[in-house]
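Report on the following structure.
No value in this document is a laboratory result; all are computed from the given coordinates. Since the structure is predicted, the reported quantities are computational estimates derived from the model, not experimental observations. With ideal geometry, Cβ positions are generated from the backbone for all residues, glycine too; neighbour counts draw on all protein chains shown.
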Amino acid sequence: MVQVKKPQTQEAILAVARRLFHQRGYHRTTLSEIAKQSNVSTANLYVYFSSKLSLLYAIYDPWFRDRLTRLERTLQRIRDPERRVYKLLHALWCELPSESNSFINNVMQAVSTSSPEDKYQPDLLRWGETRVAAMLYDALPPKLRTSIDTVRLAHVLLMAVDGFAIAHHLHPKSRCDHATLRLMTRQLLK
């Protein structure tokens with residue numbers, strides 16, 4: 001018999017998973033804990049989500065898209081190219097890694113330990129790269145737009161997010177390195 005997915009059950013699972021991932025991290029959170037606190041069986045949880053990775057992405061995907069969409073709106077209000085590029089780098093390397101109890105670190109834990117059976121799909125990463133490339137292109141002065149491959153650079157900028165997220169996870173009280181941000185901003189605008 002086919003199980004009918006109830007929206008309120010799915011929302012309960014997502015709420016519990018979000019809270020546990022934020023509190024404990026990806027590795028220390030189990031599907032059985034999520035199921036128990038959501039008042040469903042572990043088997044029933046699999047009706048809604050095929051894996052812990054898919055459950056995490058059901059939370060992370062809208063979170064990440066919202067952050068980049070808000071960043072895009074913020075950058076549109078900044079006219080000065082240097083301030084705009086700096087803000088983009090600051091948001092990617094300082095704000096995202098520390099936001100929501102370093103939530104992005106959960107994704108790094110999940111992806112770095114996933115196997116082919118987990119069926120990781122890089123669709124969200126590709127979407128993010130496309131958005132960051134467009135933000136970078138718009139931030140650059142017109143004379144530099146054709147000399148910089150913003151798509152490849154966006155890939156590097158997002159990969160650097162992982163390193164900054166690890167640094168923040170290991171040293172949460174450390175501050176973002178503004179000297180590095182200024183250096184990278186100036187290098188991009190040369």
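Dividing the Cα radius of gyration by the Kirkwood radius, what Rg/Rh value follows for the range 136-188? Working shown, then result.
Numbers: Rg = 13.4 Å, Rh = 12.7 Å.
The Rg/Rh ratio comes out at 1.06.
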Open item on the list: How large is the direction-averaged shadow of the alpha-carbon convex hull of the chain, in nm²?
Closed with: 12.3
Open item on the list: Give me the one-decimal Kirkwood hydrodynamic radius in Å for the range 27-78, with the sum taken over alpha-carbon pairs.
Closed with: 12.9
Open item on the list: Using a Gaussian network model on the chain with a 10 Å cutoff between Cα atoms, which of LEU45, LEU20, LEU144 fluctuates the most?
Closed with: LEU144
TODO: Can you check what the net charge comes to around LEU181, using other residues whose Cβ is under 13 Å from the Cβ of LEU181 (Lys, Arg +1; Asp, Glu -1)?
DONE: +3
Task: Farthest positive-ward along the chain dipole, Cα basis, beta-carbon charges - from SER115, VAL16, ILE104 - done: ILE104
Task: Protection-proxy order for peptides 159-169, 115-125, 62-72, each taking the mean of Cβ atoms within 10 Å per residue, highest first - done: 159-169, 62-72, 115-125
Open item on the list: If N is the number of residues in the range 81-180, what value comes out of its Cα radius of gyration divided by 2.2 N^0.38 Å?
Closed with: 1.17
- [ ] Calculate the dipole size of the range 68-145 relative to its Cα centre from +1 charges on Lys and Arg beta carbons and -1 charges on Asp and Glu beta carbons; express the result in debye to the nearest 20.
- [x] 520
Open item on the list: For a 19 Å ceiling on Cα separation, which of these pairs sit above it: LYS6/LYS119; LYS143/LYS190; LYS5/LYS119; LYS5/LYS36?
Closed with: LYS6/LYS119; LYS5/LYS119
TODO: Run down the aspartates and glutamates and flag those whose C-alpha is under 17 Å from the C-alpha of LYS87, throwing out any fewer than 8 positions away in its chain.
DONE: ASP66, GLU72, GLU95, GLU99, GLU129, ASP138, ASP177
- [ ] For the range 1-49, just the Cα set please: Rg and Dmax, both in angstrom.
- [x] 10.7, 36
Open item on the list: Using only the alpha-carbon atoms of the range 1-88 as identical scatterers, what base-10 log of I(q)/I(0) does the Debye formula give at q = 0.12, 0.14, 0.15, 0.18 Å⁻¹?
Closed with: -0.49, -0.58, -0.63, -0.76
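Give me Rg over Rh for the range 46-133, both radii from the alpha carbons and Rh done the Kirkwood way, two decimal places.
Using only Cα positions, Rg/Rh for the range 46-133 is 1.04.
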